[in-house]
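**Student:** If you scroll down you'll find the structure; I have some questions about it.
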Amino acid sequence: MSSKHPRAFIRNELSSSRALILMERELMPKTLEGQITMEKTPSYFVTREAPARISAMSRDTKLIVVVRDPVTRAISDYTQTLSKKPDIPSFESLTFKNRTTGLIDTSWSAIQIGIYAKHLDNWLHYFPMEQILFVSGERLISDPAGELGRVQDFLGLKRIITDKHFYFNQTKGFPCLKKAEGSSKPHCLGKTKGRTHPNIDPEVVQRLRDFYRPFNMKFYQMTGHNFGWD
Ligand SMILES: Nc1ncnc2c1ncn2[C@@H]1O[C@H](COP(=O)(O)OS(=O)(=O)O)[C@@H](OP(=O)(O)O)[C@H]1O
């Protein structure tokens, strides 16, 4: 069973905790023997209340987080906003509180979300590291079957999805499925996935690399995995 973006654990509009629990129950159906219930909402990882709420539902929940180079992530995030609001200021001007001093605006969500070590710290108060799998966003593109192999192992599933399910689509510039679920036709992700990013001033990119380096190092240390972003 899978559900996309129901945001079951970040509904702040509900005032009482009882109402919240009822809402969560309704959105997260009972899991029967032999089933896995999956829920995907990107903002969970950076939502302060999410770990406590998910842990209150089930302490055994397995968590999967896809992470990519935080600099590319910030640019990707900006590209998405730009596609909806073409009049927003430039990436360069949003990055800095003060461009002359080079002070980065860490309150800008595109920057804030990439401080993975800080967000992970919040989850580790509620879940042990063994219950969290970090998928490399870069490897998901260069070796999708390999990363999905790790996901299947983590979930205790047989490796059903393998190399033979993917092909590289030259037009899309990304791997795609040879056959979509329940169809015999190939399937790539939609237009909103894999957009062309705007060119960003290389000096700003370098400044961001320097900014993230210590947080990335901390994150590698915490996860025991070097994601190779530096
Ligand atoms: N196979 C395949 N096809 C297309 N895109 C792929 C693929 N694998 C990973 N990606 C990367 O996924 C990025 C988009 O994911 P999102 O950030 O929108 O995911 S989320 O639903 O918001 O979590 C998207 O980021 P952008 O390139 O910035 O658009 C892609 O780089």
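Bear in mind these aren't lab numbers, they're just calculated from the coordinates by the rules spelled out. Quick caveat: nothing in here was measured; it's all calculated off a predicted structure. Don't worry about glycine lacking a Cβ; one is built from the backbone with ideal geometry, like all the others, and counts go over all protein chains shown.
**Student:** With the cut-off at 1.5 for a/c, could you classify region 71-175 from its C-alpha gyration tensor as rounded, prolate or oblate?
**Tutor:** Numbers: a/c = 3.40, a/b = 1.48, b/c = 2.30.
Oblate shape, in that a/c is at least 1.5 and b/c is the bigger or equal ratio.
**Student:** Now for a separate question. Provide the percentage of antiparallel DSSP beta bridges, counting only those with both residues in region 62-223; round to the nearest 5. List each step's numbers first, then the result.
**Tutor:** Values: 7 of 12 bridges.
For region 62-223, the DSSP antiparallel bridge percentage is about 60.
**Student:** When a footprinting reagent is the concern and you count Cβ atoms within 10 Å, what order do Arg207, Arg48, Arg150 take, fewest first? Could the numbers behind the result be given before it?
**Tutor:** Details: Arg207 19, Arg48 9, Arg150 16.
Ascending number of Cβ neighbours within 10 Å: Arg48, Arg150, Arg207.
**Student:** A further question follows. For the chain, with a Gaussian network of springs between Cα atoms less than 10 Å apart, report the residue from Ala110, Ala52, Ala180 with the top mean-square fluctuation.
**Tutor:** Ala180
**Student:** While we're here: Relative to the compact globular guide of 2.2 N^0.38 Å, what is the alpha carbon radius of gyration of region 122-187, as a ratio?
**Tutor:** Values: Rg = 14.6 Å, N = 66, 2.2 N^0.38 = 10.8 Å.
That ratio works out to 1.35.
**Student:** I've got another one for you. Ignoring the sites themselves, what is the longest stretch of the chain with no GluC sites (Glu not before Pro) in a DSSP loop and at most 15 other beta-carbon atoms within 10 Å? Each step should come with its number before you reach the end.
**Tutor:** Working: sites that count: Glu13, Glu33, Glu49, Glu181.
The longest uninterrupted stretch comes out as 50-180.
**Student:** Lys and Arg at +1, Asp and Glu at -1: add these up for the other residues within a Cβ distance under 15 Å of Trp108 and post the number. Don't skip to the answer; put the middle values down first.
**Tutor:** Details: positive: Arg73, Lys85, Lys97, Arg99, Lys118, Arg207; negative: Asp77, Glu92, Asp105.
Net charge in that neighbourhood comes out at +3.
**Student:** With Kirkwood's inverse mean 1/r over C-alpha pairs for Rh, give me the Rg to Rh ratio of region 153-230, two decimals please.
**Tutor:** Values: Rg = 18.2 Å, Rh = 16.4 Å.
Radius of gyration over Kirkwood radius for region 153-230 works out to 1.11.
**Student:** Given Thr79, His225, Ser107, which one lies farthest toward the positive end of the charge dipole of the chain, if we put +1 on the Cβ of every Lys and Arg and -1 on the Cβ of every Asp and Glu?
**Tutor:** After comparing all options, I get Thr79.
**Student:** Now, a different point. In debye, nearest 20, what is the charge dipole magnitude of the chain about its Cα centre with +1 on Lys and Arg Cβ and -1 on Asp and Glu Cβ, if you could check?
**Tutor:** On the way: 34 positive and 24 negative charges, 114 e Å.
It comes to approximately 540 debye.
**Student:** Quick one: Cα centre-to-centre distance for region 116-146 and region 38-79, in angstrom?
**Tutor:** 9 Å
**Student:** Taking every Cα atom in the chain, find the radius of gyration and the maximum pairwise distance Dmax, and write them in Å.
**Tutor:** Reported Rg and Dmax, both Å: 19.2, 60.
**Student:** Checking the cross-link filter: which lysines have an alpha carbon closer than 27 Å to that of Lys185, excluding same-chain neighbours under 8 positions apart?
**Tutor:** Partners found: Lys4, Lys40, Lys158, Lys164, Lys172, Lys193.
**Student:** Report, in deg cm²/dmol and to the nearest 500, the calculated mean residue ellipticity at 222 nm for the chain, where each DSSP H run with n ≥ 4 adds -39500 (n - 2.57) and the sum is divided by the residue count.
**Tutor:** Numbers: 9 runs with 91 residues, N = 230.
Roughly -11500 deg cm²/dmol at 222 nm, from the helical runs in the chain.
**Student:** R0 = 30 Å: FRET efficiency of Asp201 with Glu138, Cβ-based, nearest 0.05? Intermediate results must be reported in sequence, preceding the final value.
**Tutor:** Details: r = 23 Å, r/R0 = 0.76.
Rounded to the nearest 0.05, the efficiency is 0.85.
**Student:** Take the Cα of Leu155, step 7 Å along the line toward its Cβ, and report every residue of region 30-71 whose backbone nitrogen sits under 17 Å from that point.
**Tutor:** Residues 30-42, 60-67 fall inside that zone.
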